[in-house]
Structures are given as structure tokens and as C-alpha cells.
Amino acid sequence: MGGPPSWPWDLPLVSLYGAGVTGLMYDVPFVATPEVVARRMLQLARVRPGEVVYDLGSGDGRIVIIAVREFGARAVGIEIRRDLYEHSVARVRDLGLADRAAIIHANFFNVDVSNADVVTMYLLTSVNEKLKPKLERELKPGVRVVSHDFEVPGWRPIVVEEVYEDWRSHKVYLYKMPGREVPVPGRAVLVDDDRLRKVASLIDGSTSLEEIAVKLGVTLRSVREAVERLRELGAVKEVRVIK
Ligand SMILES: C[S@@+](CC[C@H](N)C(=O)[O-])C[C@H]1O[C@@H](n2cnc3c(N)ncnc32)[C@H](O)[C@@H]1O
């Protein structure tokens with residue numbers, strides 16, 4: 001993948017950052033995750049077709065592109081730098097991925113990420129710490145967060161893996177948002193869709209969405225969609241989140 005143009009004013013920005021002048025500029029300078037590491041991050045997160053991946057600070061868009069092309073995901077990158085945003089939008093368009101990949105030109109602190117199944121980050125420990133309350137507030141239980149090289153302070157990773165690439169090694173931290181989502185039965189309704197009927201038959205007020213997905217051998221997302229449909233029909237009263 002060809003890199004974006006390198007901008008001469010990167011260095012002053014980086015040194016401003018070092019001097020602690022945040023607000024005025026980016027939280028983290030652009031350094032790309034090597035593709036082999038990006039691929040491993042998505043493998044560790046077990047990204048499945050149709051899932052939604054967010055890359056916070058998406059740089060040249062490589063993680064978004066790999067998630068869509070190689071994992072069949074839908075992916076969203078959020079990038080604050082206009083040059084990188086424009087570069088990645090053009091790349092997504094040229095590759096014909098615009099129906100499954102989106103790049104948002106924004107500060108990731110201001111973008112709602114609550115429909116993510118997987119979040120990837122290559123930021124800094126201090127930025128991860130600032131993002132933590134937002135992620136804890138917005139992300140559903142079971143969402144996987146993968147961070148390249150920098151931990152999320154106070155979270156316990158379920159996997160820490162060293163990935164070797166050329167001359168250096170990279171650490172990948174995998175986290176899973178805790179908690180259970182339990183659908184509560186509503187009123188009895190006639191359901192003619194076989195898939196919905198199977199999901200409905202397992203809803204008893206104590207079985208979680210994840211457990212239903214495992215029992216049926218289907219993705220969590222497809223169970224979530226079925227439960228949403230059942231909620232519209234009145235067969236599910238609510239989905240209780242037990243964090
Ligand atoms: C270390 S790079 C990682 C790029 C890409 N995720 C990857 O792994 O290849 C961090 C990126 O985050 C962007 N960034 C920094 N602060 C940001 C913010 N507050 N909102 C959105 N993007 C930000 C930077 O411009 C940079 O492109």
C-alpha cells in the first residue's frame with residue numbers, strides 16, 4: 001500500500017504534543033500499524049463477516065481496508081487529519097469498498113461508537129486512559145477492543161501477544177467489554193420466520209444473547225438483529241444489560 005504524502009509540519013506538531021499542548025492539535029502522531037500486525041489484531045478479535053469494526057485514529061485507512069477486504073466486515077475509520085482522511089477516502093473509493101467502509105473526518109472523542117462489534121486503536125496509553133470512560137459508556141458487552149502497543153490502564157487484557165515484523169516486535173492487547181445482555185420475554189406473538197422462532201424459543205429472561213448465539217451456532221450480531229425484530233413485534237420486552 002502506498003503511503004500518504006508526508007507533511008513537513010508533522011515535526012512541529014509532534015514536538016508541540018510533547019510540550020503538552022493538546023487541544024490545538026492531534027492526540028497522537030501518524031505512525032502506521034504494519035499490515036501483518038493489523039491482520040493479527042483483527043484475527044485475535046475474531047472479526048466475522050458483517051460485523052462492524054471501528055478504527056479510532058484510522059491514519060491511511062489500512063485497518064479499515066483489511067477488515068473489509070479480508071474479514072468481510074463493515075468498517076469505520078475516524079481520522080482527525082484532513083490529509084489522511086482524504087487519502088483514505090480516495091483509497092476506499094478506488095478499491096470499490098465504499099459500500100462497506102466509511103472514513104469520518106472527526107475527533108474520535110466526538111463520535112458515537114455504540115454500534116461497534118470491534119474497536120481497534122494504535123494511540124498512546126494516556127489517550128487510551130482518556131477514551132476509557134467513553135468506551136465503557138458506549139460499547140456493548142462482548143465488544144472486543146484491540147490495542148496496538150499501548151494498554152488501556154485498569155482493564156485486564158484477555159490476550160497479550162507479541163507479533164514480530166521485520167526488525168521489531170509489536171504488542172497487541174485484546175480486551176472484551178464485560179457484562180451480559182439478557183432479552184426479557186414480552187407477550188406471545190405469532191412469528192412466521194424460522195430464524196426468529198428459533199431465537200424466540202431460547203428467550204427466557206436469563207439466557208444472554210451470547211449464549212443464544214452459541215446454542216444456535218450463529219453470530220452474536222445475527223441474534224442481536226433477531227432480538228431487535230422480536231422487540232418491535234412485542235415478543236421481547238427489553239434487553240437488560242447486566243454489566
Ligand atoms: C498511530 S496512528 C495509527 C493509524 C492507524 N490506526 C494504524 O494503526 O495504522 C494514530 C492516528 O490517530 C489520528 N488521531 C490522533 N488523535 C485523533 C483524534 N482525537 N481523533 C481522530 N484521529 C486522531 C492521527 O492523526 C493518526 O493518524
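The values are calculated or read from the model by the stated rules, or taken from the named source; none is laboratory data. What you see is a predicted model, and the numbers here were worked out from it, not measured in a lab. Note: ideal-geometry Cβ built from the backbone for every residue, glycine included; neighbour counts use all protein chains shown. Please note that ligands, DNA and RNA were not included when accessible areas were found on the heavy atoms of the full protein model with its side chains. Shrake-Rupley method; radii C 1.70, N 1.55, O 1.52, S 1.80 Å.
Here are the numbers for the structure shown:
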| item | result |
| --- | --- |
| The range 124-217: trypsin sites (Lys or Arg not before Pro) in DSSP coil with no more than 10 other Cβ atoms inside 10 Å | Arg187 |
| Cα-based shape type of the range 180-242, given that a ≥ b ≥ c are square roots of the gyration tensor eigenvalues and the cut on a/c is 1.5 | oblate |
| Between helix 35-44 and the chain: long-axis angle, C-alpha atoms, 0 to 90°, nearest 10 | 20 |
| Flagged links, alpha-carbon separation over 27 Å, of Lys130/Lys243; Lys134/Lys198; Lys215/Lys237 | Lys134/Lys198 |
| Local electrostatic count at Ile63 - Lys and Arg +1, Asp and Glu -1, tallied over other residues with Cβ under 10 Å | -1 |
| Net +/- balance of residues flanking Asp99 in space, Cβ distance below 11 Å, scoring K and R +1, D and E -1 | +3 |
| Length added when fully stretched, Val160-Leu95, from 0.36 nm per residue minus Cα-Cα | 20.2 nm |
| List Trp167, Trp155, ordered by accessible area with a 1.4 Å probe, largest first | Trp167, Trp155 |
| Charge context of Pro49, other residues only, Cβ under 12 angstrom, K/R +1, D/E -1 | +3 |
| The range 27-176 pair-distance distribution - Cα-Cα, 10 Å bins, rounded % | 12, 46, 37, 5, 0 |
| Charge dipole of the chain about the Cα centre (unit charges at C-beta), most positive-ward option of Val119, Val146, Val189 | Val189 |
| Estimated D of the range 132-243 in µm² per second, where Rh is the Kirkwood radius over Cα pairs and Stokes-Einstein applies at 25 °C, 0.890 mPa s | 154 |
| Accessible-area order (highest first, 1.4 angstrom probe) of the listed residues His105, His148, His87 | His105, His87, His148 |
| Given charges at beta-carbon only (K, R positive; D, E negative), |dipole| of the chain in Debye | 720 |
| Gained length - Glu151 relative to Leu216, 0.36 nm times residue gap less alpha-carbon distance | 20.0 nm |
| Qualifying trypsin sites (Lys or Arg not before Pro) for the range 17-111 [loop in DSSP, other Cβ within 10 Å: at most 10] | none |
| For Lys176, residues with placed amide H under 5 Å, excluding near neighbours | Val145, Ile158 |
| Extension gain (nm, one decimal) between Ile242 and Ser206, 0.36 nm per residue minus Cα-Cα | 11.9 nm |
